[in-house]
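Contents: one structure, followed by commentary.
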Amino acid sequence: MDLKPVTRTSVLGAVALWAFYCLIVVVVLPMLFAWSGRTITVLIMIVLVAAVVGGVLALRPRSAEGADYIITSYGARSQGELTVPVPVSELPGLVEETCRQDGELRLRELDARGGRISVGMTFSSWGDRARFTLHPLSENESRITATSRPLLPITILGGARSERNLSLLFHGVAREAESARTNVA
């Protein structure tokens, strides 16, 4: 499974969609309603400010670090890595158990190389999708690399949700790896 990295450049496409959406709002709404010139000017100013502020916030990176993971977010898109002290062959089972225990993470696909997880719609989001790959680092150590993106590509803000998805996955897998390690010892 191949992951598209989340970088400032990859977020520019979403910002361009957002700007295009804002342009459509400015063009279509005045055509639908008989608004005065002053109302149209106020609408243009509001949409312009929303587009600029949203774009600037989406392009500013944020990082979250834990004991054995790091998550970097650009707007509503996040990517991260988790290192666990278990062989890569055990990771699919740990991911499956994590998703089974956490009701928010729905496992959609899983194999020895990686998989896909979806997170359902909420009041503030149309939902998210996370992809992850599994990598062996040594005989007894592995790494999960994951990305989380909103289902609606025009979404540029809401990074806390995307970051939370990866955090839930990483915390759950780390917890399962620790319990598997203590059961063996």
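Some points to look at:
- The single condition among (1) on the phi < 0 side of the Ramachandran plot; (2) in contact with a helix residue (DSSP H, G or I) (Cβ under 6 Å, 6 or more places away or on another chain) that R108 does not satisfy is (2).
The rows are residues; the columns are (1) free of Cβ contacts under 8 Å to residues at least 12 places away in the same chain; (2) surrounded by 16 or more Cβ atoms within 10 Å (Cβ to Cβ).
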{"site": "A16", "(1), (2)": "yes, no"}
{"site": "P61", "(1), (2)": "no, no"}
{"site": "E97", "(1), (2)": "no, yes"}
{"site": "R100", "(1), (2)": "yes, no"}
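- Only one of the numbered conditions (1) touching a Phe, Trp or Tyr at 6+ places or on another chain (Cβ under 6 Å); (2) open to solvent by less than 40 Å² (accessible area, probe 1.4 Å) is violated by G55, and that is (1).
- Any hit, the range 31-39, residues being in contact with a helix residue (DSSP H, G or I) (Cβ under 6 Å, 6 or more places away or on another chain) and either open to solvent by less than 50 Å² (accessible area, probe 1.4 Å) or not hydrophobic (A, V, I, L, M, F, W, C) (or both): no
- Restricting attention to the range 122-136, the residues that are touching a residue at least 24 places away in the same chain (Cβ under 8 Å), within 18 Å of G75 (Cα to Cα) and not aromatic (F, W, Y) add up to 7.
- Whenever a residue of the range 73-93 is more than 15 Å from R131 (Cβ to Cβ), its partners that are of a type in the set (D, E) and surrounded by fewer than 24 Cβ atoms within 10 Å (Cβ to Cβ), lying with C-beta atoms within less than 6 angstrom and at least six residues away or across chains, give the pairs S73/E163; T83/D68; P85/E141.
- In the range 102-115, of all residues being part of a loop (DSSP other than H, G, I, E, B) and open to solvent by 40 Å² or more (accessible area, probe 1.4 Å), the one that is modelled with the lowest pLDDT corresponds to G103.
- Of the criteria (1) over 24 Å from V25 (Cβ atoms); (2) surrounded by 13 or more Cβ atoms within 10 Å (Cβ to Cβ), which one R77 fails: (1)
- Positions within the range 83-94 being within 20 Å of R108 (Cα to Cα) and open to solvent by less than 30 Å² (accessible area, probe 1.4 Å), in sequence order: L91, P92, L94
Let's see how each residue does on (1) among the hydroxyl-bearing types (S, T, Y); (2) in contact with a Phe, Trp or Tyr (Cβ under 9 Å, 6 or more places away or on another chain):
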position	(1), (2)
E96	no, no
G103	no, no
E109	no, no
R113	no, no
R116	no, yes
D128	no, no
R131	no, no
L137	no, no
T145	yes, yes
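- Of all residues making up the range 18-46, the number that are over 25 Å from the mean Cα position of the chain (by Cα) and either in contact (Cβ under 8 Å) with a residue 24 or more places away in the chain or part of a helix (DSSP H, G or I) (or both): 20
- Screening the range 130-175 for residues that are surrounded by fewer than 17 Cβ atoms within 10 Å (Cβ to Cβ) and under 10 Å from the mean Cα position of the chain (by Cα) and picking the one that is farthest from L110 (Cα to Cα) gives A160.
The values are calculated or read from the model by the stated rules, or taken from the named source; none is laboratory data. Here the structure is a predicted model, which means the values were calculated and not measured. Neighbour counts run over all protein chains shown; Cβ positions are idealised from the backbone, glycine included. Ligands, DNA and RNA are excluded from the accessible area calculation, which covers all protein heavy atoms including side chains. Shrake-Rupley method; radii C 1.70, N 1.55, O 1.52, S 1.80 Å.
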